Amino acid sequence: MNLTSALFRLLIFPGLLFAVPASWLFLWVERKAVALMQQRIGPPFLQPCFDFMKLMGKSTPLRQGINGALMRAWPILSVAASVGALGLLPVFPRSTGWSGGSSSGFAGDLILLLALLELPSFFIICAGYTSRSLYGEIGSVREALLSISYNLVFLIAIVSIAVSQHSFRLEDLAESPLSPLRLLGILAILVCIPAKLHINPFSLPNAEQEIYAGPMTEYAGPELGLWELAHGLEWVTMTGLVASLALPRTGMWPADAALFVVISLGIVLLLSGVAAATARLTIDSSVRFYWRCALVVAVLAISLPLLMRIKL
Amino acid sequence: MNAGSCNGCDIELVACLTPRYDVEQLGILVQGSPRHADILCISGPVTHNTVPAIHTVYGQVCHPKAVVAIGSCPASTNAFVGSPTVEGPLDRHIPVDVYVPGCPPRPDAIIEGIARAAQILAERGREPVGAEAEAGQKALVPQEQMQ
């Protein structure tokens, strides 16, 4: 990956220039889809954008006894981690000829992507404790518990896809053809996404009506705006990860990019449907769900490529 | 926020969120934390115990902010006028931007009141911090009054 292509990926596609409007679009699609399923009209198209602008123009309250610099740092770090993860997504592998023949990935970039995907969740936990709010701390504990339970499934699913391709390079994973095994892995990842994005039925950390806004309770103004942006970027990254794994390769990069957006939007609609149709689970049933039900899928996914290897 | 309300106005406020009225089509969301809110809706005649809470919650909403008084109670203390436990009306304690009269007001009237508060909020966003205290007060007379 040379500097130009790295900058292009971070800043233009699938980085900031694409991801910020895309995150607003995804947030709008989610809110609108939930509203339509509840037979409501739903928010106007530009609402997430307006919300962001409004929060950026608000004042930040004076807080006593709280480390202000840390409070400001967490949302910024969270946005940075999400953009970094987005930049790594293998939307255009080298076979499309887009990156000028130079390799656009490096060995083991899958591990970096997983770390960057996990960071926003870690920052949310820290933010809840930094705010020293009771609701923030409850939200952080829930986020930590949830993260322990879904990450096991998530990591096993990713590793199973990697093992089946004998590679930890994102590009190799993205270029390989779709197989039933890979679909199983993608299914396991899809099951983890609601917990990663804090939407129903796993909206425990930010459970509104229950613990106000969880770790975000004490946040206001531009800092809250950055959290919203980070959340939107997480939407784009997570749906983008599934989309780039499930993407059929056409060989032409404009078609690839369009398919990437279409598949991402489809996943957003699917997740919104699940969110609208379910109620919030309690923390013990969420953990039980991931450890009992989803783990079965994930273990199945990882055992299949291992068995196939033995045969070979 | 409930300042000693009988829950009548609160139920009408909840009705605004239902599919029939759907405030989200105007981009309005209910926020649990006052730090996330822009418009504070207060119902009830302001009882003695709720005064410190009103000041705390009002102080936690960040500038620019607007206050909507839901129902007749915060505007005039309504049926509770003269009660020794009531310290209303609301504008004795915090500046109120929009009054939505009614006992209880219709959800349509509440939505119109919040939409007007949003307009006031947009104008106030250009003013310096602390403009709320000097803001003029606007009364709202909804077209569809309850009988």
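The values are calculated or read from the model by the stated rules, or taken from the named source; none is laboratory data. The model shown is predicted, which means the values in this text are computed figures rather than measured ones. Cβ atoms come from the backbone with ideal geometry, glycine included; neighbour counts cover every protein chain shown.
Worth a mention:
- Exclusive hit being of a type in the set (D, E, K, R), out of contact with any Asp or Glu (no Cβ under 7 Å at 6 or more places or on another chain) and at pLDDT 90 or above, set B:Glu112, B:Glu87, B:Glu134, B:Glu127: B:Glu112
- The residues listed here are A:Ile125, A:Ile158, A:Ile186; of these, the one that is of a type in the set (Val, Ile, Thr), part of a helix (DSSP H, G or I) and surrounded by fewer than 21 Cβ atoms within 10 Å (Cβ to Cβ) is A:Ile186.
- Of the numbered criteria (1) within 17 Å of A:Arg31 (Cβ to Cβ); (2) within 14 Å of another protein chain (Cβ to nearest Cβ); (3) not in a helix (DSSP H, G or I), the one A:Glu210 fails is (1).
- Extreme residue, nearest to B:Val98 (Cα to Cα), among residues of segment B:31-60 that are assigned to a loop (DSSP other than H, G, I, E, B) and more than 13 Å from the chain's Cα centre (by Cα): B:Gln31
- Residue tally, condition surrounded by 23 or more Cβ atoms within 10 Å (Cβ to Cβ) and at pLDDT below 60, over segment A:74-103: 1
- Pairing residues of segment A:24-47 that are more than 9 Å from every other protein chain (Cβ to nearest Cβ) with residues that are of a type in the set (S, T, N, Q), at Cβ distances under 6 Å and at least 6 apart in sequence or on separate chains, gives A:Glu30/A:Ser272; A:Ala33/A:Ser272; A:Val34/A:Ser272.
- Residue list for segment A:48-91, restricted to those being of a type in the set (Gly, Ala, Ser) and either away from chain B (no Cβ under 14 Å) or assigned to a helix (DSSP H, G or I) (or both): A:Gly65, A:Gly68, A:Ala69, A:Ala73, A:Ser78, A:Ala80, A:Ala81, A:Ser82, A:Gly84, A:Ala85, A:Gly87
- Residue within segment A:226-235 that is more than 14 Å from chain B (Cβ to nearest Cβ), assigned to a helix (DSSP H, G or I) and of a type in the set (D, E, K, R) present: yes
- Of the residues making up segment B:1-17, those that are assigned to a loop (DSSP other than H, G, I, E, B), in contact (Cβ under 8 Å) with a residue 40 or more places away in the chain and either among the β-branched types (Val, Ile, Thr) or within 14 Å of chain A (Cβ to nearest Cβ) (or both) are B:Met1, B:Cys16.
- Residue count for segment B:61-91, restricted to those that are aliphatic (A, V, I, L, M), more than 16 Å from B:Pro104 (Cα to Cα) and crowded, with 18+ Cβ neighbours inside 10 Å: 5
- Candidate set from segment A:104-117 (those that are part of a helix (DSSP H, G or I) and surrounded by fewer than 17 Cβ atoms within 10 Å (Cβ to Cβ)); member that is nearest to the chain's Cα centre (by Cα): A:Ala115
- Counting the residues of segment B:30-82 that are on the phi > 0 side of the Ramachandran plot and within 14 Å of chain A (Cβ to nearest Cβ) gives 0.
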